[in-house]
Amino acid sequence: MTDRSHRNFRSTGKIRPFATRLVLGALFVVVGVAVSAGTTWSAEPTAEALLDKYVEAMGGKAAMEKIQNRVTRGKLEMAAQGLEMTLTIYSARPNLNYTLIESDMTGKIEKGCDGEIVWENSVMMGAQVKEGKERADTRREATLDKWLHWRDFYPEVEYVGAETLNDRPVHKVVVTPEEGSPQTLYLDQDSNLAVRVDMVVENPMGTFPVVSYLSDYQEIDGILVPYTVEVEVMGQKRVIKTESVEHNVELPADRFALPAEIRALLEREADDATAGAESTNE
């Protein structure tokens, strides 16, 4: 851990806003993963073959294409801080997302993607519009059935070997997008279940590794969902516990619309850009 990390997140039991943001960044990766029957490999597989088997394990193409939207409800627990936050995630095709996290200590934390604009809004951090790798990563992870179309998102995939994880043999596959951060998937050799995902969350405050452990898979409408995700970031552990998952529910027409604070921020940025251009032309 760097000196900068120590300065920004001390193990004092106090919550740091950006540490919560790192966990939220990982949510797009771990929510909505699903698995069914597995395959035993007798020879070293290719990354392509493993990812195709992973899609089959997640329920397969037919089951995945039936899902038009998803509502996930649960808790985000931060034991070191004695903090429990309610978590609600709305997802819909193609890559729409709205995430709401609330507690008495943090107030309301909102994150979203309307397909193009990636944003965050909270009392702690204010209104923000994401750019660069952070935007690219979020737009990709917000795709409802990303792994069904993994070839569209990851032009480079690599099998990097096998190892043992918690006494279980796993295959490791690294997937690299055209823009954004690579991820390493740990796929159980018996079930093809994703039991761990390594990624790097990049934002204006720095670059931080995040490790997520997925377990307690439950079948919802033919799709298996990990109901427990343990997230390790900067030496701290967060636990995401899903309580319910619903598919194809009726959502408000404005569920994924930009909040007023984000619209106001975009208007100010547009006005500043116009004023800057006019000043340059004078």
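Observations on the model:
- Efficiency of FRET between E116 and T184 - r from beta-carbon atoms, R0 30 angstrom, step 0.05: 0.60
- Kirkwood Rh, Cα atoms: Rg over Rh of the stretch 192-240: 1.08
- A Förster radius of 35 Å combined with the Cβ-Cβ distance from E48 to A275 puts the calculated FRET efficiency at roughly 0.10.
- Stretchable slack from L165 to D216, in nm (0.36 nm times residue separation minus alpha-carbon distance): 16.8 nm
- With the simple spin-label model, which puts each label point 7 Å out from Cα in the Cβ direction, the M125 to K237 separation comes to 2.5 nm.
- Sorted peptide list for 102-108, 131-137, criterion being average Cβ within 10 angstrom, highest first: 131-137, 102-108
- Counted residue by residue at 0.36 nm each, then reduced by the alpha carbon distance between them, the extension gain from R268 to T88 reaches 61.8 nm.
- Column: log10 I(q)/I(0), Debye, Cα scatterers of the stretch 92-147, q = 0.13, 0.16 Å⁻¹: -0.34, -0.49
- Sorted largest first, extent of the stretch 41-137 alpha carbons per principal axis (Å): 51, 34, 27
- Under the Karplus curve 6.51 cos²θ - 1.76 cosθ + 1.60, θ = phi - 60°, whole-Hz ³J(HN,Hα) for the stretch 72-89, x wherever Gly or Pro sits: 10, 10, x, 10, 10, 9, 10, 4, 4, 9, x, 10, 10, 10, 7, 10, 9, 10
- Listed residues T207, L265, G276: farthest to the positive end of the dipole of the stretch 163-282 (Cβ charges): T207
- Expressed as a fraction of 2.2 N^0.38 Å, the C-alpha radius of gyration for the stretch 140-221 is 1.16.
- Shape class of the stretch 76-206 from the alpha-carbon gyration tensor: oblate, with a/c at 1.5 or above and b/c at least as large as a/b.
- Built amide H within the under 5 Å cut-off of A257, gap 5+: none
- Kirkwood-type radius of the stretch 124-282, with distances r between different C-alpha atoms, in Å: 18.9 Å
Read the figures in this text as sums done on the coordinates, not as results from a lab. Keep in mind that what you see is a predicted model, and the values were worked out from it rather than measured. As a convention, Cβ positions derive from the backbone with ideal geometry for all residues, glycine included, and neighbour counts pool all protein chains shown.
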